[in-house]
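Novice: Handing you this structure, nothing more for now.
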Amino acid sequence: MSGAALGLEIVFVFFLALFLLHRYGDFKKQHRLVIIATLLAWYLCFLIVFILPLDVSTTIYNRCRLAVNSSPAESNGSYVTLAPSKQKCFKPWSYIPNGIMPIFWRVVYWTSQFLTWILLPFMQSYARSGGFSITGKIKTALIENAIYYGTYLLIFGAFLIYVAVNPNFNLQWNQLQTIGIAAANTWGLFLLVLLLGYGLVEIPRSHWNGAKRGYLLMKTYFKAAKLMTEKADAEENLEDIMEEVRKVSESIKYNHPLRKCVDTILKKCPAEYQERMGRNMDDYEDFDERQNSYPNEKSLVKLHKQVIYSVQRHRRTQVQWQILLEQAFYLEDVAKNETSATRQFIHTFRSQEPENKIIQYFYTPTVEWYWECLLRPWFYRVLAVVLATFSVIVVWSECTFFSTKPVLSLFAVFIQLAEKTYNYIYIEMACFLTIFFLSICVYSTVFRIRVFNYYYLASHHQTDAYSLLFSGMLFCRLTPPLCLNFLGLTHMDATISHKDDQPTAYTSIMGSMKVLSFIADGFYIYYPMLVVILCIATYFSLGTRCLNLLGFQQFMGDSEMTSDLIDEGKELIRREKRKRQRQEEGENRRREWKERYGNREDSTRNRVVHTDQKESSFSETNTNRPLSKYTRSNGRTERDRIELLQDAEPLDFNADSINDDPLESDLGRYQPGGRYLSMSRSQMFDDV
């Protein structure tokens, strides 16, 4: 099994990152380089989280083996036995041979740092650029990142000059490399504590509130009101941009040098706008540079950038509105079915997506009722209590992990107890659950935060390229300090434990932080305590209240503005529900009409065609009889009227029966159980 666990986790993490990227990104419409760069960034960060527990178990075994080698011992197969105490050092099932992990961590770490500090910022500017050529986009990206890269080069250059001038410093390349790593981890730890303080409180609270049906429904109404405002703003913005595109398209004719740029912009517009502009455009007129003023290439680049942003925003709000409607309808169905005596879940609307037959077979309406109305609220409450317990343990350990005698960090206590018995399965599970919970608290906050409309991760393939690349940057900057913080909580970092034990392979790559003592002994130890203040602020929703005071509408139960938005959202959902009900009723009536009278219409048409053939043969043999001609003509007109009546579909038909022969029924007669088929023949055929 040597190295097999590492290979399995590498493959599993790749598909996990691919699945998440497929949920948020769009493989068909977004550039391949954007997809590959984001996938690589997410993959490397997830890989660090999943592989680090294997590194911990391997390090514990190596420590035991070193202790055994320093004493008289006997080798016996897969374990080593100490002669005096008969202690056994079992080799873990996921043991990774020496030399593999240092190379693996070095490749993963430096690749992620190259992505987050150099490649991804450049690709962000490239993806957001409105240039019409690769050279133009690269030029724009270099100009936008000149200040970004220049600031770091200036700081690094000033530091090198200071080290070269000061005789007290004698830094080597390894120490200089450690200083760079420490600077990057310090920046990441600063942001990590902010996100962790929010996630430790918000994740348990969101699951606890998930058990409250009324709370979720009110919050959905609130989101509907806000999203409708954003949706209307996106539509208005798109209309304004399309009007500018139309003016530019009409002014720049087919033989203008910039016409290719205009065609590129038109391809990014929605299909209905392209058709509208194509109908109104006359390309047979030549342009006259002396008479008309035309936009330059710089203005077209700006317009191209605005078109890309407005189209993406409009498409995202449309999809989010449909998703929010489905969620609101489902929550309303749950509220109605809670008092159901049949204990079967009844949906107001049919699902628009085809359901899986296997899921439909097991997940019956009865099972769905028991899960949604009885079991799910209790499951969410239990899960919220478990998550809250984990959060309390994390907060306590963050405040006490620097204490080694006695050991106060609960995670360090768990690992040390398992280390005494060399229970590697327990060690790996404890490490994985700990770092996984920390990652969920941090990464979920990254997925939730929204910086106006510039950074926003939206599911269902609605995230733009800029936001995907920005998330990759954040993951690559947050994951290394997150792992160092985890090793500090478990006392696997020699800087915290103050022991001369063999360090983990991940810590050896980071280098010794003793080069910068004020960071190793000060910032890394005392700054994580700030998480207590952040958790208290999040619990009392201080950030939400501040944003609400600044004019950013937030969901607060005791706010008058929140109540108004809830009422507005409820009315919007009710309006959309009535609209969908009318659509489904119309579809049901058309379907019933076709099922009941479709065959009769076909037979009537065949009978009319056969009658017409008889009329034509009869009229040829009786051309000398004018009275008969007029009589047949009147009969033909009557049959045409009957055929029109049978082809016409009534708007509201509730009759239980109808005569087979339309000649026997009066057109103005009221049918039993139904309505008038028509008011009069003259009124119905006035437009024929």
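The values are calculated or read from the model by the stated rules, or taken from the named source; none is laboratory data. These numbers were taken from a predicted model, which means no experiment stands behind them. Here the Cβ positions follow ideal geometry from the backbone for every residue, glycine too, while neighbour counts run over all protein chains shown. The accessibility values were calculated without ligands, DNA or RNA, using every heavy atom of the protein model including side chains. Shrake-Rupley method; radii C 1.70, N 1.55, O 1.52, S 1.80 Å.
Novice: Tell me which residues, restricted to the stretch 12-34, are in a helix (DSSP H, G or I), crowded, with 17+ Cβ neighbours inside 10 Å and in contact (Cβ under 8 Å) with a residue 40 or more places away in the chain.
Specialist: Answer for the stretch 12-34, where residues must be in a helix (DSSP H, G or I), crowded, with 17+ Cβ neighbours inside 10 Å and in contact (Cβ under 8 Å) with a residue 40 or more places away in the chain: Leu21, Tyr24, Val34.
Novice: Another question, if that's okay. Could you please let me know if Thr178 is free of Cβ contacts under 8 Å to residues at least 12 places away in the same chain and among the β-branched types (Val, Ile, Thr)?
Specialist: The answer is no for Thr178.
Novice: Shifting gears a bit: Select, from Gln360, Gln327, Gln344, the only residue that is assigned to a helix (DSSP H, G or I), open to solvent by 20 Å² or more (accessible area, probe 1.4 Å), in contact with a helix residue (DSSP H, G or I) (Cβ under 7 Å, 6 or more places away or on another chain) and over 30 Å from Thr264 (Cβ atoms). Before you say what the answer is, go through the steps one by one.
Specialist: Details: Gln360 fails: in contact with a helix residue (DSSP H, G or I) (Cβ under 7 Å, 6 or more places away or on another chain); Gln344 fails: assigned to a helix (DSSP H, G or I).
The conditions single out Gln327.
Novice: In the stretch 577-592, which residues are open to solvent by less than 50 Å² (accessible area, probe 1.4 Å) and touching a residue at least 40 places away in the same chain (Cβ under 8 Å)?
Specialist: Lys577, Arg580, Glu584
Novice: Can you go through Ile161, Ile179 and tell me which one is open to solvent by 90 Å² or more (accessible area, probe 1.4 Å) and of a type in the set (A, V, I, L, M)?
Specialist: Matching residue, one of Ile161, Ile179: Ile161.
Novice: Of all residues in the stretch 105-118, count the ones that are under 19 Å from Leu6 (Cβ atoms), touching a residue at least 60 places away in the same chain (Cβ under 8 Å) and open to solvent by 10 Å² or more (accessible area, probe 1.4 Å).
Specialist: Number satisfying all stated conditions: 2.
Novice: What is the residue count in the stretch 86-120 for residues that are out of contact with any Cys (no Cβ under 8 Å at 6 or more places or on another chain), within 22 Å of Tyr426 (Cα to Cα) and not in a loop (DSSP other than H, G, I, E, B)?
Specialist: 3
Novice: For Asp55, work out the one condition from (1) under 19 Å from Phe486 (Cβ atoms); (2) at pLDDT below 90; (3) among the acidic types (Asp, Glu) it doesn't fulfil.
Specialist: Only one criterion in (1) under 19 Å from Phe486 (Cβ atoms); (2) at pLDDT below 90; (3) among the acidic types (Asp, Glu) is unmet by Asp55, namely (2).
Novice: So Glu372 passes all but one of these: (1) over 30 Å from Phe523 (Cβ atoms); (2) modelled with pLDDT of 90 or more; (3) open to solvent by less than 40 Å² (accessible area, probe 1.4 Å). Which condition number does it fail?
Specialist: Just one mismatch for Glu372, condition (2).
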